[in-house]
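Just below is one structure, and these are the notes that go with it.
The values are calculated or read from the model by the stated rules, or taken from the named source; none is laboratory data. All of these numbers come straight from a predicted model, not from anything done at the bench. When we count neighbours, we look across all protein chains shown, and the Cβ atoms used for this are built from the backbone with ideal geometry, even at glycine. Heads up: the accessible areas ignore ligands, DNA and RNA and are worked out on the full protein's heavy atoms, side chains in. Shrake-Rupley method; radii C 1.70, N 1.55, O 1.52, S 1.80 Å.
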Amino acid sequence: MKKKLTVGILAHVDAGKTTLSEALLYLSGRIRQMGRVDHKNTYLDTNAVERERGITIFSKQARFSWKSCEFILLDTPGHVDFSAETERTLALLDYAILVVSATDGVQNHTRTLWQLLEFYKVPTFLFVNKTDLAIRLKEDLTDELAKKLSPQCVAFFEDDTRDRRDERLAMLREDFLEAFLAGDGIAEAELANAVASRRLFPCLFGSALRMTGVEFLLDTVVDLTLPPIYGDGTFGAKVYKIAYQGNTRLTYMKITSGKLTARDELRYLSADGKRAVEKVSQLRLYSGERFEQVESAEAGEICAVIGLTQTYVGQGLGAETDTRPPIMEPVLAYAILLPTDCDPVLYFPKLKVLEEEEPSLHLCWNEELRQIEARLMGEVQIDLIRRMIAERFGIVCELGAGKILYQERIAKKAIGIGHFEPLRHYAEVQLLMEPQPKGTGLIFDTRLPENSLDLNWQRLILSHLYEKTHRGTLTGAALTDTKITLVAGKAHLKHTEGGDFREATLRAVRQGLMRAGCDLLEPYYRFRLELPAPYVGRAMADLQTRAAEFEVEIADEEQTVICGRAPVATLHDYTREVISYTRGQGRLTCTPDGYDLCHNADEVIKNTAYNPEADLENTPHSVFCAHGAGVVIPWNEVEEHKHLTANISLTPSETVLPKPRGLAQKYDLSDEELEAIMLREFGPIKRRRYSEPRVNSAEQNSKRPHKKTTVKNNRMIIVDGYNVIYAWDDLREIADFSLEKARESLMDILSNYVAFTKTDLTLVFDAYLVKDGTGSDFMHDGYRVVYTKEDQTADTFIEQMMHELGPDYSIRVVTGDRLLQFSAVHAGVLRMTAKEFLDEITAVGNEITEFVRKLAENQS
């Protein structure tokens, strides 16, 4: 049976991604003639805007076979304006091919795509395209990929011998080195496992237009991939695209488990939370614009379903959960100016249909200005939305000038109080509001016991927090990077209704923002400016006036490359100016880089002229009852009238524990000095792979009074979580992008280790800087995970465990912290560095792989 793979092709714009897709389809025999972007006849780019601009806008799928493998190829947009469309496909992929232009090298958007692939844990091959045009050596290109993307990028040359290839691979991993030195060669199965676990990224070279290196790419993908494993029980699917053919609505989805058959009945929740029960009327398997109608689709298949009218992009059906929203967010808002005879109120619901097909358009209604707004990433989307409205509704519309989408974040920790008590109503809510790191978004939580406020009221308060887009107090922009925790609440047994808590909750949010104040945030671009040397002075002067931070990356007599970061407000219209003063020789590429403090906050606030107290939809004032009637109390006087007092300290504790690594740096001990001290004080340490209890020999027992010998049968490993994460290269790279993902990856690795070795293990994460943190202690896949409390370091917790369990357990402590290692030796506990533990984990992983291989051979 052939293995079936869903493979996505990703690239920076103009890297040759669509040309490579054409080459793969042509080589496999799927198409008879290879299309070209400049000829506007490619197999997958069929939209009019796509062919005119020569870019991919909508993700398309194609099917072909090569040797023992069936491919579902997903061609994704390369332009940064459609990054969200690309990101939505990543959750579907088994493998990815990242295309890099040999002439341009690694661009900003290439790095962004790499981070997304890392975030979604997609195994990746790299194809360096346009090598026929580049003057750089392949070895230099490989070094650039290894430096800017990952050290695990290794070149695979078509004319290589196996020994030369294995020699390069041997420098990557110890098990590869051992196999190479033994003369056995590195097995293809080992390489496939390394690729699947993102421990190896093969880099291949060629020219898609000249059809060089494409066949070798296909052979390598077939040889170094593993068949994906899907569930075969309950039906599950991920919706990634909605499209219309005339009046027919198509829901594109990937089946992730079970099976879907025509005429099956699906039950799901629509985007507005309503229950829907609909029958699948038709299943289609698309390849380009052509499709094949089938009766059923198995797990791993991507199909278009007819009959579902309320599905939405990112939805999980059956056993699947919804896909997280794309990380890339629009940063510009444009007013859609309809003809005078078109009522915006009536046309808004119709235009929302377009958002189903292209969710990155983000259409919304501005009640204050009574107009429809589209939130977009850039100018290419402007042309697209004009075309879509004209084709679908026959309306010629214009888009107003783009305005920046600012955001706000609470400036400091505060408690917001909301009270709603008109006659025969009652509710009071107190919320702890805290600023969070960049990119966190909004977090809602509760810290109230049930005996203080019934659980149903707490859930209602949280639902009211989730349902509304909260606005800041400086410009009325959307609130972000703030944690809101319910810390106090009160209801009346007779007079409280659900709406009362909604009023109190929203007033508490606004009152907290008014008390603490807000910081204004604006979107930033990370840019790369390439231009001839004579224009560098002009470019630097422009960038300085545009509040940019930059540095010269490459400078020679002909070409200069300037990289940096600048606000979107100052840089979004700079491309035309660059083209103008360089006479078409300059190129500016920009990639969204999140939100940061606004460079001209005072000016923006003044121009906006927003009055938070006059915003009746978001009032900060509370309503109290006096003399049988409701009385509005201004937000700055609510503290004096509140009925509850939350036992929360808003000032940081004066006692701040020093970082353990800071103590080590204070004493400035090298590894050699620390080892010498330990040897002098405690003697040499004899390490075993698994610690064994020491039992007195018969000779020793005969020379002393008889004592009962205690054998330590209980073995325990204590792991310093963050120390291991930042000591292991793979986990450190993940942590640079997402610390949460790094923790999850470490926990997954330890799950396999514990299940195979039957070891008693405790994983400790340091949370001593988390304000008001209560810590947590739970079991995960058979081992214990501990998050320490506020003002408690992981080192302190581990030392306490060592002393408490020492008499009854044979303990090993995994850490790179020198002081903790010293304490371990002093307590008679075996210490192990993170590097040594990684070697042991790797060895156990190899044993698991070998066990699975032998099991498969026996079954076959």
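Just a few scattered comments:
- Taking segment 1-109 as the region of interest, the strands (runs of 3 or more DSSP E) fully inside it that hold 2 or more residues being among the charged types (D, E, K, R) are 3-11, 60-66, 69-75.
- Number of the condition not met by Leu405 [criteria: (1) buried (at least 18 other Cβ atoms within 10 Å of the Cβ); (2) at positive phi]: (2)
- Pair list, Cβ under 6 Å, 6 or more apart: segment 17-41 residue farther than 18 Å from Thr131 by Cβ, other residue basic (Lys, Arg) and open to solvent by 10 Å² or more (accessible area, probe 1.4 Å): Lys40/Arg51
- Candidates Leu133, Leu137, Leu145 - the one that is among the aliphatic types (A, V, I, L, M) and either buried (at least 20 other Cβ atoms within 10 Å of the Cβ) or touching a Lys or Arg at 6+ places or on another chain (Cβ under 8 Å) (or both): Leu145
- Residue count for segment 782-799 satisfying the condition of being of a type in the set (D, E, K, R) and on the phi > 0 side of the Ramachandran plot: 1.
- Filter result for the condition that a residue is of a type in the set (Ser, Thr, Tyr) and over 22 Å from His641 (Cβ atoms), over Thr446, Thr473: Thr446
- Here Ala179 meets each of (1) open to solvent by less than 60 Å² (accessible area, probe 1.4 Å); (2) farther than 30 Å from Gln315 by Cβ; (3) assigned to a helix (DSSP H, G or I); (4) out of contact with any helix residue (DSSP H, G or I) (no Cβ under 8 Å at 6 or more places or on another chain) with one exception, condition (4).
- Residue count for segment 235-274 under the criterion of being within 23 Å of Leu354 (Cα to Cα), open to solvent by 20 Å² or more (accessible area, probe 1.4 Å) and either among the polar types (S, T, N, Q) or free of Cβ contacts under 8 Å to residues at least 40 places away in the same chain (or both): the result is 8.
- All conditions in (1) exposed (fewer than 15 other Cβ atoms within 10 Å of the Cβ); (2) touching a Pro at 6+ places or on another chain (Cβ under 6 Å) hold for Glu174, with the sole exception of (2).
- Filtering segment 781-796 to residues that are modelled with pLDDT of 85 or more, open to solvent by less than 50 Å² (accessible area, probe 1.4 Å) and either of a type outside the set (Val, Ile, Thr) or farther than 25 Å from Pro449 by Cα (or both) leaves only Tyr783.
- Taken over segment 479-521, the residue count meeting the criterion of being more than 32 Å from the chain's Cα centre (by Cα), assigned to a strand (DSSP E or B) and more than 17 Å from Ile415 (Cα to Cα) is 1.
- Among the residues of segment 255-282, those identified as farther than 12 Å from Gly318 by Cβ and not aliphatic (A, V, I, L, M) are Thr261, Arg263, Ser270, Asp272, Gly273, Lys274, Arg275, Glu278, Lys279, Ser281, Gln282.
- Checked against the criterion of being open to solvent by 30 Å² or more (accessible area, probe 1.4 Å) and not hydroxyl-bearing (Ser, Thr, Tyr), the candidates Asp542, Asp519, Asp500, Asp481 yield just one match: Asp519.
- When residues of segment 224-240 are limited to those that are in a loop (DSSP other than H, G, I, E, B) and aliphatic (A, V, I, L, M), the one nearest to Lys254 (Cα to Cα): Ile229
- Some residue of segment 570-584 being open to solvent by 50 Å² or more (accessible area, probe 1.4 Å), out of contact with any Gly (no Cβ under 6 Å at 6 or more places or on another chain), outside any helix (DSSP H, G or I) and in contact (Cβ under 8 Å) with a residue 24 or more places away in the chain: yes
- Residue check, Val754 outside any strand (DSSP E or B), more than 27 Å from Cys153 (Cβ to Cβ) and modelled with pLDDT of 85 or more: yes
- Enumeration of residues in segment 439-451 that are surrounded by 13 or more Cβ atoms within 10 Å (Cβ to Cβ), touching a strand residue (DSSP E or B) at 6+ places or on another chain (Cβ under 7 Å) and in a loop (DSSP other than H, G, I, E, B): Arg447, Leu448
- Screening segment 757-770 for residues that are open to solvent by 30 Å² or more (accessible area, probe 1.4 Å) and over 18 Å from Arg812 (Cα atoms) and picking the one that is modelled with the lowest pLDDT gives Leu769.
- Residue match in segment 471-478 (condition: assigned to a strand (DSSP E or B) and modelled with pLDDT under 95): yes
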